[in-house]
Amino acid sequence: MKKILLLIIVLMICACGGAGQVPVWKEKGYIHMEEYKTGFLTGREASTEPHFEKARKEIAAGNDIGLLTIAYLTKYALHTASLEPFDASDFAKLYRLEPHPADMAYCHFLKGNFSAVDPKALPAKYAGLLKAAVARDAAAAGREISAIDDPLSRLIACGVWTRYLPADETILQIGIDTASSNGWRRPLWAYLEKLQNDYLENGDQAKAQSIAERLKLLKK
């Protein structure tokens, strides 16, 4: 994720300094990744994978294994944010070519392998959540997640906890609020459905029915 953010800065600087300073493959790769992220989160299924494939091809043309690794990790993070599983086999192949501890730490984090995560290599914004996850402390996790300023990073954190640790209504509600405030339909539905199922498992039929009716209206 850091490399994607750095790429944004590079593009902004070069936009001010004149044309032709950023390789075309890098600019196109960034644009397609942004389209992929937007399409994925807003549930535009038809445009999602084609944009990722285009981004992959552009980055591959530049022979940048590091940036290609970040693209795949971004893909996995979006799946995690939407409470969906992912296959990390492509990351594993890239990691064997260019191993970076920060990439592996983030992949372990997204896969819920908390004991394998190197805390020093993980982005600082997730450090508190990692400690809470190891301790299985939902209250602390909720506080740590709420303190993350970036909406997508906050949603990723919600996804990591919800996918691998006991469900927590507060964390689910953070996920719902974050997704809805940004118009991210795909994760919004996922968190609402998860909360509905948890209410059903706990015997709270009234709350489960309320969410079912909300989802019916939202999906209409």
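Among the listed pairs Lys26/Lys93; Lys54/Lys125; Lys28/Lys54; Lys26/Lys111, which have their C-alpha atoms separated by more than 18 angstrom in this model?
Lys26/Lys93; Lys54/Lys125; Lys26/Lys111
Note the full-extension length gain between Asp204 and Ala127 as 0.36 nm times their separation in residues minus their Cα-Cα distance, in nm to one decimal.
Extra length from Asp204 to Ala127 when fully extended: 24.3 nm.
Percent of Cα-Cα pairs more than 32 Å apart in the chain, please.
Numbers: 5271 of 24090 pairs.
Result: 22 percent of Cα pairs exceed 32 Å.
Could you go through region 69-85 in sequence order and give the Karplus-derived ³J(HN,Hα) for each residue, using 6.51 cos²θ - 1.76 cosθ + 1.60 with θ = phi - 60°, rounded to whole Hz, and x for Gly and Pro?
My calculation for region 69-85 gives 4, 5, 4, 5, 5, 5, 4, 5, 5, 5, 5, 4, 4, 9, 6, 10, x Hz in order.
Applying a 10 Å radius around every beta-carbon, put 168-177, 117-126 in order of their mean neighbour count, most first. Could you put the intermediate results ahead of the total?
On the way: 168-177: 19.6, 117-126: 15.7.
Highest to lowest by the protection proxy: 168-177, 117-126.
Taking R0 as 25 Å, what FRET efficiency do you get between Leu215 and Ala139 from their Cβ-Cβ distance, rounded to the nearest 0.05? It would help to have the intermediate numbers written out before the result.
Details: r = 28 Å, r/R0 = 1.11.
It comes out at approximately 0.35.
As a test of the definition: which semi-axes, in Å, follow for region 67-138 when you take the square root of five times each eigenvalue of its alpha carbon gyration tensor? Largest first, please.
With the √(5λ) rule applied to region 67-138, the semi-axes are 21, 14, 10 Å.
Computed from the coordinates by the stated procedures, all read-outs in this text should not be read as laboratory data. Computed from a predicted model, the values in this text were never measured in an experiment. Don't worry about glycine lacking a Cβ; one is built from the backbone with ideal geometry, like all the others, and counts go over all protein chains shown.
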